[in-house]
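Have a look at the structure below before the remarks.
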């Protein structure tokens, strides 16, 4: 079934919007009324009955492809919120590792699992005892909003791993109850794509909008995924009180692309007031540097047209009309085959006004009301992605190096990171480069900005814990990119993945994140706050015995010694939560990446060559070595 929507046909939601009559609510499932929206029927978590889940609650509607979404419509009667809703369109096949790790099926049935029109929904997990309880602000619960990763290419809140029941249960058991909301946003070229044609299309559409209905984002192109996230956060701000949540105590947490998204949101003035804390796991804005429409964007758009048999000589607006007629599943299939295309937000002059590398360190751009940022990375981020983004042979390494630094810095690069003489060394050095340049340095940049913020506190963490089942399957991956996720959620899908010891570690990891969300203030929490990012020494008192003195209590003196201060949380390999140094990069590495970022920004802004630099998949490099 299809609905005609402003010149485009998008599938209607046939399986996910089942309104039920209140007389049919005979199963004692929780009911909750959202003022101005409607009433929903949720479900209690089957393992404990202490967590209530309200699933597939719509916050937005995609009325037309490549347009900002609109607010979801209200409804009459009672909406069934007991089943997960559709995910954004994306690939339908999953590799065996991701099926095991994320708990997803080997293959999705597109029409059952995905919807372009109705994918903007949220899942809300809360203590069952708090359903319909309190509108008193003092008793309202803090809220954690989750943004998934997946390279802005894949992901969704219906992925079994992201069931937040165990995370909420952990908060209840710690007597620090909170609410968790997981939201969807559009992906790949449906959420992140720009070109000359798309810009012209948006300009023409803006002319049709009445003056009294214009929005600040009408001319934004390529950032529909970010706008979806903002719409979701606005919905939470407006309606979370119905779930006994406090809209003034919202923490946004994301991993990889989700963390990068949050880092961008922190720089967008229109997002101010939507959250007061953030948790950034394995990503910041400069982990996923925004693209330029006339560079990476046009290349991807032209390739999309070619793959979908849209003639290149058509007028721009006719190309757009043709592309809007193509079903979302066909577009997703085309993108899935183009494995060397990467998706990022876009510098569009509206949502993102400047290259993020030039602004991410500007403290003045961050919300003055932001009061705590908790940021960190996994110990071995590069191991999982080195095959895709690194150099796997000595022959590949030299062109890979050229993408990472000014030619004047080649010798410095070699001194810091080394020169591979074998393919194994090329892989090892590439993995370190990805770890350092794509994750650790971007986290360092944001940390610097937050440390200079007048009111916001900074905490840092390192995830060194490994999952032994994965380590046995793929030796050498270690604390790989994404290893944090099973420990963070501990959901039912992880039962066969984590050992008993690892599940106990999951509870400890959850305890740390719960503390960030629920603490009355950063200063009142049990977590260390960062005073200095780079290693520094502090004086401490230490007793020292004097040789030759045997009597008890004598022969001891107190002296001052210098030790390096440990201000970061460490989730250790031996399953403990301990403390360590904030920064693990050397000062030489930091200096190198500063120079690299400056050179890359110059390439993009002044010379129009953004696609020739950085941690991106380079079709010329890949194709040259695959012939």
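The values are calculated or read from the model by the stated rules, or taken from the named source; none is laboratory data. Note that this is a predicted model, so its numbers are computed, not measured. Backbone-built Cβ (ideal geometry, glycine too); neighbour counts: all protein chains shown.
So that you can scan it fast, the table gives a plain yes or no per residue for (1) free of Cβ contacts under 8 Å to residues at least 60 places away in the same chain; (2) closer than 17 Å to residue 600 by Cα; (3) surrounded by 20 or more Cβ atoms within 10 Å (Cβ to Cβ):
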| residue | (1), (2), (3) |
| --- | --- |
| 380 | no, no, yes |
| 386 | yes, no, yes |
| 392 | yes, no, no |
| 399 | no, yes, no |
| 416 | no, no, no |
| 419 | yes, no, no |
| 423 | yes, no, no |
| 427 | yes, no, yes |
| 448 | no, no, no |
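Report whether or not residue 299 is assigned to a helix (DSSP H, G or I) and touching a helix residue (DSSP H, G or I) at 6+ places or on another chain (Cβ under 7 Å).
yes
I'm told residue 364 meets every condition in (1) part of a helix (DSSP H, G or I); (2) out of contact with any helix residue (DSSP H, G or I) (no Cβ under 9 Å at 6 or more places or on another chain); (3) touching a residue at least 24 places away in the same chain (Cβ under 8 Å) except one. Can you identify the failing condition by its number?
Condition (3) is where residue 364 drops out.
Looking only at region 57-82, count how many residues are surrounded by fewer than 18 Cβ atoms within 10 Å (Cβ to Cβ) and either touching a helix residue (DSSP H, G or I) at 6+ places or on another chain (Cβ under 6 Å) or not in a loop (DSSP other than H, G, I, E, B) (or both).
Number satisfying all stated conditions: 2.
Going by the conditions given, is residue 529 in contact with a helix residue (DSSP H, G or I) (Cβ under 8 Å, 6 or more places away or on another chain) and modelled with pLDDT of 95 or more?
Values: in contact with a helix residue (DSSP H, G or I) (Cβ under 8 Å, 6 or more places away or on another chain): yes; modelled with pLDDT of 95 or more: yes.
Against the criterion (in contact with a helix residue (DSSP H, G or I) (Cβ under 8 Å, 6 or more places away or on another chain) and modelled with pLDDT of 95 or more), residue 529 qualifies.
Surrounded by fewer than 18 Cβ atoms within 10 Å (Cβ to Cβ), modelled with pLDDT under 95 and either out of contact with any helix residue (DSSP H, G or I) (no Cβ under 9 Å at 6 or more places or on another chain) or at positive phi (or both): does that describe residue 564?
yes
(1) part of a loop (DSSP other than H, G, I, E, B); (2) buried (at least 24 other Cβ atoms within 10 Å of the Cβ): which one isn't true of residue 182, the others all being true?
Just one mismatch for residue 182, condition (1).
Give the residue, chosen from 588, 606, 611, that is touching a helix residue (DSSP H, G or I) at 6+ places or on another chain (Cβ under 6 Å), exposed (fewer than 13 other Cβ atoms within 10 Å of the Cβ) and either under 17 Å from residue 297 (Cβ atoms) or modelled with pLDDT of 65 or more (or both).
On inspection, the qualifying residue turns out to be 588.
Of the residues 142, 127, 105, which is at pLDDT 95 or above, at negative phi and surrounded by fewer than 21 Cβ atoms within 10 Å (Cβ to Cβ)?
127
Can you spot a residue in region 158-165 that is surrounded by fewer than 16 Cβ atoms within 10 Å (Cβ to Cβ) and under 26 Å from residue 515 (Cα atoms)?
yes
Kindly list, by first and then second residue, each pair from a residue in region 69-85 that is over 16 Å from residue 182 (Cα atoms) to a residue that is part of a loop (DSSP other than H, G, I, E, B) and modelled with pLDDT of 95 or more, limited to pairs with Cβ atoms under 6 Å and residues at least 6 apart or on different chains.
Pairs found: 69/62; 69/120; 70/63; 72/59; 74/37.
Filter the helices (runs of 4 or more DSSP H) completely within region 96-176 down to those with at least 3 residues that are within 30 Å of residue 337 (Cβ to Cβ) and within 20 Å of the chain's Cα centre (by Cα).
96-102
Name the residues in region 313-348 that are at pLDDT below 95, over 13 Å from residue 192 (Cβ atoms) and not in a helix (DSSP H, G or I), would you?
Result: 338, 339, 340.
In region 352-361, which residues are touching a residue at least 24 places away in the same chain (Cβ under 8 Å), more than 18 Å from the chain's Cα centre (by Cα) and over 16 Å from residue 443 (Cβ atoms)?
Scanning region 352-361 gives 355, 358, 359.
Based on this model, can you work out whether residue 286 counts as within 22 Å of residue 364 (Cβ to Cβ), crowded, with 22+ Cβ neighbours inside 10 Å, touching a helix residue (DSSP H, G or I) at 6+ places or on another chain (Cβ under 8 Å) and in contact (Cβ under 8 Å) with a residue 24 or more places away in the chain? Break it down stepwise before answering.
Details: within 22 Å of residue 364 (Cβ to Cβ): yes; crowded, with 22+ Cβ neighbours inside 10 Å: yes; touching a helix residue (DSSP H, G or I) at 6+ places or on another chain (Cβ under 8 Å): yes; in contact (Cβ under 8 Å) with a residue 24 or more places away in the chain: yes.
Yes.
Which members of region 490-517 meet the condition of being in contact with a helix residue (DSSP H, G or I) (Cβ under 7 Å, 6 or more places away or on another chain), buried (at least 17 other Cβ atoms within 10 Å of the Cβ) and under 22 Å from residue 246 (Cα atoms)?
Those that are in contact with a helix residue (DSSP H, G or I) (Cβ under 7 Å, 6 or more places away or on another chain), buried (at least 17 other Cβ atoms within 10 Å of the Cβ) and under 22 Å from residue 246 (Cα atoms): 510, 513, 514.
Take region 204-216 and flag every residue that is assigned to a helix (DSSP H, G or I) and either in contact with a helix residue (DSSP H, G or I) (Cβ under 6 Å, 6 or more places away or on another chain) or over 30 Å from residue 333 (Cβ atoms) (or both).
206, 211, 212, 213
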